[in-house]
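Below is one structure, written out as structure tokens; the observations come after it.
Every number in this text was worked out from the coordinates using simple rules, so none of it is lab data. Worth saying up front: this structure is predicted, and the values here are computed from it rather than measured. Every residue, glycine as well, gets a Cβ built from its backbone with ideal geometry; the counts of neighbours run over all protein chains shown.
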Amino acid sequence: MKRRAGTRLAAALLPFTLATGLVAEIPPFAEQTPPPAPDYGIAANWAAGPFGAGASAVVPPGASAAARRPDADVFYVHPTTFKAKDRWNQDLADDATNRWTDVSVIARQASAFNGCCRVWAPRYRQASFVDRDGGRDRAMELAYTDVARAFDWFLAHRDGRRPFILAGHSQGGWMVAALLERKVQGTPLQSRLIAAYIIGINLGEGEFGTRFKGITPCATPAQTGCVVQWNALLPSANLPVMAGLYQSTYVKTYGDNPGKLTLCTNPLTFDRNRPAAGAEASRGAVPGDPGEGTPQPLVAGKVAARCEQGLLLVDPDPALGLKPLPGGVMHYHDIGLFYADLRANAVLRTRAWFKAARR
């Protein structure tokens with residue numbers, strides 16, 4: 001079955017790309033020489049991991065403490081931070097993009113996992129937002145070759161007895177889903193998987209049992225070896241249109257069947273039997289836009305959320321200062337809205353994995 005590399009991310013970001021003009025005249029993919037492939041034995045090619053924690057060591061005020069001697073690892077893949085309109089893939093010598101990656105997502109997303117785990121976060125030749133003649137699919141597959149090699153390097157340079165989390169957002173979520181499918185399921189690694197947090201893309205419910213065999217959506221907060229996913233929208237979004245858009249990639253591959261419903265996990269509950277929760281359940285969101293330095297102090301009790309038609313409808317307090325993308329899309333805040341909730345859940349699942357391993 002043919003994989004559609006860029007379509008999931010394109011569907012998630014379509015309102016944004018149309019509104020901001022991030023569709024550019026760009027040479028066909030085959031006519032542009034890719035930037036050099038990274039060597040993962042070099043410190044510069046990791047945002048966090050074997051050569052230091054970098055921005056992933058951040059602990060926002062109000063967050064629980066970082067683990068002092070973590071017994072687990074997280075392999076985290078960052079979302080798109082490369083916004084060039086004339087190149088398909090980032091050159092890792094692009095220091096400006098690397099710095100923005102660290103400030104905007106390593107400090108605000110990857111750091112959520114330092115309460116349970118040692119964070120490994122590779123830099124990779126990420127695909128840009130632009131598309132032309134199917135070039136985005138090829139740019140995404142090129143990016144994946146880096147992520148796959150980084151994952152292999154991660155496996156070769158860590159204690160293989162340690163469990164691990166896979167985590168990624170947006171383009172990084174697509175990469176993590178591909179790793180789960182191509183390198184983890186059906187291998188001995190699967191028994192070491194604490195969970196996969198695949199956030200901000202649009203996996204269909206029906207992909208579990210077809211694309212992913214022996215791996216299920218997480219049904220309860222402490223379940224391990226399973227998958228979590230959500231896409232955040234404001235209640236003002238045109239939900240039928242957005243749901244149909246997000247389901248379209250499943251339909252193209254598997255057909256128009258009930259499995260097209262996008263997987264939605266409510267990160268205020270992490271419980272499939274509790275798809276809605278009020279703001280009182282929120283442990284702490286990161287307010288404001290990304291910027292230099294430590295993220296602003298977490299604010300609890302200011303975000304309500306519910307799963308509806310496979311998408312996560314969120315109602316953040318305006319005082320948080322979180323700006324939506326066009327169409328009520330809260331893509332940039334998928335993790336920041338639930339920073340403390342995600343942090344606590346990663347700790348809970350890690351403890352549950354070790355408890356089960358001791359039996």
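Listing for the model above:
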quantity	calculated
14 Å tail of the calculated P(r), region 163-233, as % of Cα pairs	55 percent
Ratio of the Cα radius of gyration of region 231-359 to 2.2 N^0.38 Å, where N counts its residues	1.17
Once the Cα gyration tensor of region 41-131 is diagonalised, semi-axes √(5λ) in Å	26, 14, 10
Reachable lysines from K85, criterion Cα separation under 25 angstrom, eight or more residues apart if same chain	K323
Separation of the V59 and A43 label points, Cα + 7 Å toward Cβ, nm	2.3 nm
Label-point separation in nm, T33 to E280, each point 7 Å along Cα→Cβ	6.4 nm
Charge dipole magnitude, Cβ of K and R +1, D and E -1 - region 210-286, Cα centre, debye nearest 20	240 debye
Radius of gyration and maximum dimension Dmax of region 114-186, Cα, Å	13.5, 44
Within the chain, helix-based [θ] at 222 nm, where runs of 4 or more DSSP H residues each add -39,500 (n - 2.57), nearest 500	-8000 deg cm²/dmol
Cα-based Rg of the chain normalised by 2.2 N^0.38 Å, two decimals	0.91
Extreme residue, positive dipole direction of region 279-318, given options P297, V314, A279 (C-beta unit charges)	A279
Stokes-Einstein diffusion coefficient of region 133-270, Kirkwood radius over Cα pairs, 4 °C, 1.567 mPa s, in µm²/s	81 µm²/s
Candidates A219, A279, A319, ranked by Gaussian network fluctuation over the chain, Cα under 10 Å, top entry	A319
Residue-span extension gain [K323 to D256] - 0.36 nm each, minus C-alpha spacing	20.7 nm
Sequence ranges 62-69, 175-182, 34-41, 247-254, ranked by mean other-Cβ count within 10 angstrom, highest first	175-182, 247-254, 34-41, 62-69
Cα pair distances exceeding 18 angstrom across region 289-340, given as percent	30 percent
Options G244, G209, Q229, ranked by Cα towards positive dipole end of region 190-302, top entry (Cβ charges)	G209
The chain: relative contact order in percent, alpha carbon pairs under 8 Å with at least 6 residues between	19 percent
Cα centre as origin, Lys/Arg/Asp/Glu Cβ charges: the chain dipole, Debye	1240 debye
